[in-house]
Structure formats: C-alpha cells, structure tokens
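Below is one structure, written out as structure tokens, with a few remarks after it.
The values are calculated or read from the model by the stated rules, or taken from the named source; none is laboratory data. These numbers come from a predicted model, not from an experiment. Cβ: placed from backbone, ideal geometry, glycine included. Neighbour counts: every protein chain shown.
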Amino acid sequence: MSIAEDRAAALTASQPSVARVDTRRSLPMVAWALDLGILCVVVATAALLRRAWDLFPQPDRESSVSTVGPLIIVGWLLLNLLFGAYSREDFGEGTAEFKRLLHASMYAAGLTGVGCYLSHHQLSRGFFVTVFALGVPAILIGRLALRKGVRSMRIKGMLGQRVIIAGGPAHVDEIAAVLSRERWLGYQVVGALTPATHHGRTTASGIPVLGNSEDPASAIGDADILFITGGAPHSAEELRQIVWDLEQHRVKLVVAPSVTDLAGDRVRVRPMAGLPLVHLEAPRWAHARGWAKRSFDVIGSTVLIAALSPLLLLAAMRIRRYDGGPVLFRQARIGRDGETFDCLKFRTMVTDAEARVVQLQADLGVEALLFKVKDDPRITGPGRWLRRFSIDELPQLFNVLRGDMSLVGPRPQVAAEVAMYNDAMRRRLHVRPGMTGLWQVSGRNDLSVEEAMRLDLYYVDNWSVAQDLAILARTAGAVLGARGAY
C-alpha cells in the first residue's frame, strides 16, 4: 500500500461516518417528484375551487378542465426541465434555481393561454387563473422547503460529498476553513494534495497531505470532488492534463480562486478565446450610503415606531417601576465615517453599570472587542426580559429616524473598541451602523469576535437591497428564538 493510500485510510478511519449519496443525481429527481406532486394538488384544487367559487361564470366545461389539467402538468414539468430548473450544477445554491423556476412558470402560463386561443379550446378562465395563481408560489415554496431540508441534512452529516483540495498549504487551509464553516454545502474535506516542495504530512490546520498536486489522479481515492486552488504550479497544459486524467474517475473538478467572502452577484465568469476570465465587481459600500437605503430606513423606522408604540410604553413603565431610575440608556457610539452619536437603548442594567465594567473585566480576564458576559450580575430583572427578545434595542428606531443608524448594518461600537480596529475592520465605518445585521441573524453573541467581524465586513462589501430584506426577515426568527441573546 502506498503512503498516500495509508494516509487516506487513516483519515477515513478518523472521520465520522457520512452518508454517501450522489446528490448531483438524486436531489434533482426528488425535486422533480416534489414538483409533480405540487402541480397535481394545485390542478385538483383549482378544479374544485372553480366550481365552489364560480369564478368567471360560464357554461359547464368540466371536460375541458379534465383534458387541459394533465397537459398543463406535463408541459410545466417539461418547461422546468428545459429551463434548467433541475440542473445538477445550480441545485441547492444561489438564486439561479428560483429564477429558472419562475421563468418556466411564466412560459407555462403564456403557452397555455396562447395554445387554447389558437386551437379555439374553451378553457375555463377561473381554472386557468387559479392554477397559475396557486401553482407559481407553490412551486417556489416547495423548492425552498426542499432546500432547507437538504441543508439541514448536510449540517447533520448526511448527503455529504468527500472533497480533496489541491494547492499550496496556505491556500488549502483557506478553502478548507470556508467549507468547514459553511457545513450546509455538504463538503467534507478529507485530504490535501500539495506541491512536491511541501514535505509536511499535514497542512497547518491539520489536513492530511495525501499526495502530489501535480498528479492528483494517483491519490484521488474515492473522493467526489477535487478543488484546485492557488499555490500549486499548474500551467494551462497541466490543468488540461489533470482534467483528462480525472475523466475516468467520475470526479467533479472545481477551480477555486483564492478569493473569499464575495457575493455571487459580484462575480462574473466570461470565457474569452478559451480562457475563463473571472470578473470581480468592486465593493458596494458606496451604494449603502445612497438615497434608496436612507428612504427605506426613514419609512421603515416610522412604521415600526407607530406599530410598536404600545410595547415601547410597556417596557418604559416596567423599567421605571423596578428601581425608579432612568428609562433610557445613552451611550456614545461610533457611527459612519467615525462620527460619534448617542445610541439609545432601554436601560437593562443597574444605574452604576458603567462604573463596574473595569472591575468585571479584571475579574473575568477579558479585554477585547464586543465585550459581553453571560449571566452579567449588573442586569436588572426587567432587563433580562428586554434583552432576551431584543426589546432593549427598540429605542434605536429613533436613531434610525434621525440618521445616526440604519435598520440593517454592522453593530455600532464604542470608541475604545474602534481604537483597536485594524485597517480591514475600519471598513465597517464606511456605512451607518445597524439595529440588526448578519452577526445578529447568524448567532449573535454566541459568535466569536473574528466571525462577527467577518460577517460585518461581508455585509459592507456585498451590500444589496435584497440582502437587507433577507436580514430583516431572518431577524424576527433570531429574536423570537432568543438565540445568542444575553
């Protein structure tokens, strides 16, 4: 047995068992079966509702419905297939899958209407409207539910794919760190292939080296995917030879550039003269300073203040009744471009909480950014309830209204924490701080400092309206679940 085989066998023995499934083949088939079931239910429901609601009154056309209904189902599924809605490459990731489903659905509606018109087929209008009014959202919701189920299974170690990464040790560790962090992708790194100049048995992060990156076919074993990243002397001819060598192994080949934390819509791959060029769009933080985001903040904060006014009043009464102290806590925070502002919160601690910070840090041996303590002895009785559901943050809606903050953005920090920033972390100051952000919907205070900062930087560089809306939608679940709140 070769050294590479010995290392692969040892690694396999040390890894937790993972259900080996060819997800590229099985999941699209499951999606097709799900779509078929949804469309059958939708067509049957539309037929029943047409009779119950008597939409668009007209002569009885039950025979028309029973004839066209199955044709709509078959045609819709065929259009999904033609538009690539069951593509193995895009399934389960990004927005391309949903766009293709939506386009196929629109064509299905259009072709059904045009086909019935040209053939003089008297299709019930009520049935037609109901089928597509119910069918389009049902298809999209069904695919979203399937995606969430698949991601949950992958996090638990099922539907995984074994990955080997070829490249320089540092590049291997970078890619492996991303794949390990994003477990929902289902990629299990089982080893690395490094240049001959690297003589270690593992990379710095402990990934076993299985062989030489110049000859991956000899050490690929039973891996499902080979990631090729930077740091290895792969010329165009060598890469082409690797593709030829692997075609008999049924291994998927992925070229991973040494770039991380980029939103998919900032990346464009444009093959030119046989050369795949990767175009990277500039960071988008400047767009987060524009009128669109500011208008959304003003309208959103105004509506929320009006809607939540009873809750704001109740919280204020409980705080005042507890110890007679001030209702609001004002703390100087650093905002956009380093400007200082008074950040408003409902007071959740004793009145002399600030004076106790230094002693508490000394007792716990803590001196870092994002200083937070579980079971903080300074928190009052009402304060624990307010913090659990983030009600203490609601006065910041007034900060948003007057332009100090945004509904979504990086967490505002105090001057002492900002003074500890490095150059990368200072990019957080390009945009207004937010009431909620990626850190809050991804674990809140349970995250490490490094992970919280990474998420904030990702938000700043990849800002978009869609991302803001998604974060706001996820915030409700994070708050109600009280995950990471203390």
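Structure values in brief
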{"read-out": "Subset of segment 175-193 (residues that are crowded, with 20+ Cβ neighbours inside 10 Å and within 23 Å of the chain's Cα centre (by Cα))", "value": "I175, A176, G186, Y187, Q188, V189"}
{"read-out": "All positions within segment 230-276 that are on the phi > 0 side of the Ramachandran plot and touching a Pro at 6+ places or on another chain (Cβ under 8 Å)", "value": "G231"}
{"read-out": "Candidates V418, V431 - the one that is farther than 24 Å from F389 by Cα and surrounded by 21 or more Cβ atoms within 10 Å (Cβ to Cβ)", "value": "V431"}
{"read-out": "Lone qualifier among D245, D265 - being in the same structural domain as D173 (by TED's automatic domain parsing) and either surrounded by 13 or more Cβ atoms within 10 Å (Cβ to Cβ) or within 29 Å of Y458 (Cβ to Cβ) (or both)", "value": "D245"}
{"read-out": "So A424, is it surrounded by fewer than 17 Cβ atoms within 10 Å (Cβ to Cβ), within 12 Å of the chain's Cα centre (by Cα), at pLDDT 85 or above and among the hydrophobic types (A, V, I, L, M, F, W, C)", "value": "no"}
{"read-out": "All positions within segment 199-220 that are over 16 Å from A256 (Cβ atoms), in contact with a strand residue (DSSP E or B) (Cβ under 7 Å, 6 or more places away or on another chain) and not basic (K, R)", "value": "G200, T202, P208, V209, L210, G211, N212, S218, A219, I220"}
{"read-out": "Some residue of segment 277-289 being in contact with a strand residue (DSSP E or B) (Cβ under 9 Å, 6 or more places away or on another chain), crowded, with 16+ Cβ neighbours inside 10 Å and either hydroxyl-bearing (S, T, Y) or on the phi < 0 side of the Ramachandran plot (or both)", "value": "yes"}
{"read-out": "Selection within segment 144-174 - closer than 20 Å to T197 by Cα, surrounded by 18 or more Cβ atoms within 10 Å (Cβ to Cβ) and of a type outside the set (D, E)", "value": "I164, I165, A166, G167, G168, P169, H171, V172"}
{"read-out": "Failed criterion for W385 (all others in (1) surrounded by fewer than 18 Cβ atoms within 10 Å (Cβ to Cβ); (2) under 20 Å from D468 (Cα atoms); (3) at pLDDT below 95; (4) aromatic (F, W, Y) hold)", "value": "(2)"}
{"read-out": "Any helices (runs of 4 or more DSSP H) falling wholly within segment 372-420 and containing at least 2 residues that are out of contact with any strand residue (DSSP E or B) (no Cβ under 9 Å at 6 or more places or on another chain)", "value": "381-388"}
{"read-out": "Top-ranked residue of segment 305-338 - restricted to ones that are part of a strand (DSSP E or B) and of a type in the set (A, V, I, L, M), ranked as surrounded by the most Cβ atoms within 10 Å (Cβ to Cβ)", "value": "I334"}
{"read-out": "Any strands (runs of 3 or more DSSP E) falling wholly within segment 198-297 and containing at least 1 residues that are in contact with a Phe, Trp or Tyr (Cβ under 8 Å, 6 or more places away or on another chain)", "value": "225-228, 252-255"}
{"read-out": "Residue within segment 441-457 that is buried (at least 19 other Cβ atoms within 10 Å of the Cβ), assigned by TED's automatic domain parsing to the domain that holds D323, closer than 20 Å to L344 by Cβ and modelled with pLDDT under 85 present", "value": "yes"}
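So that you can scan it fast, the table gives a plain yes or no per residue for (1) farther than 30 Å from L429 by Cβ; (2) out of contact with any Lys or Arg (no Cβ under 7 Å at 6 or more places or on another chain):
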site	(1), (2)
S295	no, yes
V303	no, yes
A306	yes, yes
Y322	yes, yes
C343	no, no
